[in-house]
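Colleague: Please find one structure pasted underneath; my questions will follow.
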Amino acid sequence: MSESTATIRDEILQSITDIFGIGIDDSHQIDQGYLNLKWKIETDIGSLFAKQYNKTRYPEHLVQGLEISLSHQNDLYNQGIRVPQLFQQQGQYVLRTPSQERYVLMRSCQGEILQPGTANAHQMYSLGKTTGYMHKLLNSHRAKQPLHWNIRSKEEMQKHWERRWSDAVSMGCEKTLAALEIQRDIIDETDIGLFSGCEQGWCHWDLFVDNILFTPNSVSAVLDFDRLNYV
């Protein structure tokens, strides 16, 4: 662990104690994800999970969007969806240390991350039921919002692809070139018009195997609502 990582960890752990009066027994860093630091923390009230929001990945102007996403997570928890219980201070879910390190704190959830393609029929049924109900609740009685992301036209996709191809050629990156060849085939074969009639609404937007915990027969938790948005 680098000295800077240890400093951030220690400041966040002290902040948790100062804000919530929680006694910290131990912490274990989780090496997963991009840039954001994460820890599982053993405390006098049980196991918790803390995630620091890296200032490069999440500059300050994105924090309000995080607050909205986390407020949806909190609403889902209160309505019985299996998501982590968040801690908040004065109505804010993004917590801050004295030096303005931003982090989120929640209860740790039990369960196992599965390898893609290994879920059994009971787990898949539970996943469909859980995510269907979750998105139904997300879109109940909520006003329509501006779209967070618009699908590019095929022409825009092709121009973007050509720029990336040129960059990969100049760098001589064979792995990227091979991936771009596959992507070009997908772009050529995709009818973008199919998406014009899609329903708009709030969705998790990062729902893949690393963000779902399972018991042997069901979903035990849906994780990581940071990217939840109106799309």
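Colleague: Please count how many residues of segment 135-177 are in contact with a Cys (Cβ under 9 Å, 6 or more places away or on another chain) and assigned to a helix (DSSP H, G or I).
Modeller: Residues flagged as in contact with a Cys (Cβ under 9 Å, 6 or more places away or on another chain) and assigned to a helix (DSSP H, G or I) within segment 135-177 amount to 3.
Colleague: Would you pick out the residues in segment 80-123 that are surrounded by 13 or more Cβ atoms within 10 Å (Cβ to Cβ) and farther than 23 Å from Arg9 by Cβ?
Modeller: Ile81, Arg82, Val83, Gly111, Leu114, Ala119, His122, Gln123
Colleague: Let me ask another. Quick check on segment 76-117: of everything there that is in a strand (DSSP E or B) and without any contact (Cβ under 8 Å) to a residue 60 or more places away in the chain, which residue is nearest to Asn139 (Cα to Cα)?
Modeller: Leu86
Colleague: Can Arg152 be described as farther than 28 Å from Ala119 by Cβ, surrounded by 10 or more Cβ atoms within 10 Å (Cβ to Cβ) and modelled with pLDDT under 95?
Modeller: Spelling it out, Arg152 is indeed farther than 28 Å from Ala119 by Cβ, surrounded by 10 or more Cβ atoms within 10 Å (Cβ to Cβ) and modelled with pLDDT under 95.
Colleague: Has segment 180-197 got at least one residue that is surrounded by 15 or more Cβ atoms within 10 Å (Cβ to Cβ), under 24 Å from Ile68 (Cα atoms) and touching a helix residue (DSSP H, G or I) at 6+ places or on another chain (Cβ under 6 Å)?
Modeller: Checked against the condition, which is being surrounded by 15 or more Cβ atoms within 10 Å (Cβ to Cβ), under 24 Å from Ile68 (Cα atoms) and touching a helix residue (DSSP H, G or I) at 6+ places or on another chain (Cβ under 6 Å), segment 180-197 yields no hits at all.
Colleague: Assuming His72 fulfils every condition listed in (1) out of contact with any Ser or Thr (no Cβ under 9 Å at 6 or more places or on another chain); (2) without any contact (Cβ under 8 Å) to a residue 60 or more places away in the chain apart from one, which condition is it?
Modeller: (2)
Colleague: What is the residue count in segment 130-151 for residues that are touching a residue at least 40 places away in the same chain (Cβ under 8 Å) and among the basic types (Lys, Arg)? Don't jump to the end; show me each part of the working.
Modeller: Of segment 130-151, the ones touching a residue at least 40 places away in the same chain (Cβ under 8 Å) are 130-131, 133-135, 137-139, 142, 144-149, 151.
From what's left, among the basic types (Lys, Arg): 142, 144.
Matching residues across segment 130-151 total 2.
Colleague: Suppose we filter segment 45-66 for residues that are touching a Lys or Arg at 6+ places or on another chain (Cβ under 8 Å) and exposed (fewer than 11 other Cβ atoms within 10 Å of the Cβ); how many remain?
Modeller: Here the count works out to 1.
Colleague: For segment 185-204, how many residues meet the condition of being part of a helix (DSSP H, G or I) and free of Cβ contacts under 8 Å to residues at least 24 places away in the same chain?
Modeller: 6
Colleague: Has segment 22-44 got at least one residue that is charged (D, E, K, R), outside any loop (DSSP other than H, G, I, E, B) and loosely packed, with under 14 Cβ neighbours inside 10 Å?
Modeller: Yes - at least one qualifying residue is present in segment 22-44.
Residues are listed down the side, and each one gets a yes or a no for (1) at pLDDT 95 or above; (2) within 22 Å of the chain's Cα centre (by Cα):
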| residue | (1), (2) |
| --- | --- |
| Asp10 | yes, no |
| Gln14 | yes, no |
| Tyr34 | no, yes |
| Glu42 | yes, no |
| Ala50 | yes, yes |
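Colleague: Looking only at segment 205-219, count how many residues are among the β-branched types (Val, Ile, Thr) and either more than 22 Å from Tyr230 (Cα to Cα) or free of Cβ contacts under 8 Å to residues at least 40 places away in the same chain (or both).
Modeller: Counting residues in segment 205-219 that are among the β-branched types (Val, Ile, Thr) and either more than 22 Å from Tyr230 (Cα to Cα) or free of Cβ contacts under 8 Å to residues at least 40 places away in the same chain (or both) gives 2.
The values are calculated or read from the model by the stated rules, or taken from the named source; none is laboratory data. Since this is a predicted model, take the numbers as computed values, not measurements. Note that we place each Cβ from the backbone using ideal geometry, even for glycine, and neighbour counts take in every protein chain shown.
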